[in-house]
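The values are calculated or read from the model by the stated rules, or taken from the named source; none is laboratory data. This is a predicted model, so every value here is computed, not measured. No Cβ is skipped: glycine too gets one built from the backbone with ideal geometry, and neighbour counts run over all protein chains shown.
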Amino acid sequence: MNISEQREVARPRARGTERSLARRAELISIGRKLFADTSYDALSMDDIARQAHVAKGLIYYYFQSKRGYYLAIIQDSVADLVTFAASGLELPQVDRVHRTIDSYLRYAEHNTAAYRTIVSGGVGFDTEVHAIRDGVRAAIVATIAEGAYGTSDIPALPRMGLLAWVCSVEGATLEWIARPELSREIMGDLLVKTLGGSLRAIEELDPAFAAPKSARRED
């Protein structure tokens, strides 16, 4: 078989792969909505197939099991959230922190179902989903540390201080998307100021990690 013939054979296979990836992505998008406000145990595969308007075997074909489908949905949501939160790497350090918070809130605002699934780990308790959520927290801490200190390689004290802030942001953001009484801009300013308090507390306990000038109180 010459090179030209090989290319002709490869083209349908490539098109088939593209269709498979698009179909898988479509099923994940549907699953985000199905699992956002309903527990993992409350939905059977028959329920999922009926609401997704697909054959149950198609879900098994792409994800092997209901649990595989669920985890794929969570992992896909996590990838989006981390990408949004870590954007703006070309900006100065202080601006990067502001950009990260705004991007985080934008994601939660426009992807409320996915955000609830990530942060809450679904409605029920799932150790694997919680492990994925913990990975998101670590990524956000690393992004904030890079913006505040110029490095994500930080010891236990500043890491714990930033993690405590991230956990408080999760709770506040869940309340905000449920009751959006504040604009995203005001909510972002509030979180920036609470981050400033965390950064000053870290500096007080470990002067080696000085808070950025923007986080300092004006005299």
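Observations on the structure shown:
- Residue match in segment 91-105 (condition: touching a Lys or Arg at 6+ places or on another chain (Cβ under 6 Å) and farther than 25 Å from residue 182 by Cβ): no
- Search result, residues across segment 128-157 that are under 18 Å from the mean Cα position of the chain (by Cα) and of a type in the set (Val, Ile, Thr): 129, 132, 136, 140, 141, 143, 144
- Residue within segment 57-67 that is more than 30 Å from residue 149 (Cα to Cα) and of a type in the set (A, V, I, L, M) present: yes
- Scanning segment 47-103 for residues that are over 27 Å from residue 140 (Cβ atoms) and not in a helix (DSSP H, G or I) yields 53, 54, 55, 64, 65.
- Residue in segment 147-170 that is within 24 Å of residue 42 (Cβ to Cβ) and either surrounded by 14 or more Cβ atoms within 10 Å (Cβ to Cβ) or assigned by TED's automatic domain parsing to the domain that holds residue 208 (or both) present: yes
- The set of residues in segment 37-46 being exposed (fewer than 14 other Cβ atoms within 10 Å of the Cβ) and not in a loop (DSSP other than H, G, I, E, B) consists of 41, 42, 46.
- Among the residues here, residue 143 does not qualify as of a type in the set (Ser, Thr, Tyr) and free of Cβ contacts under 8 Å to residues at least 24 places away in the same chain.
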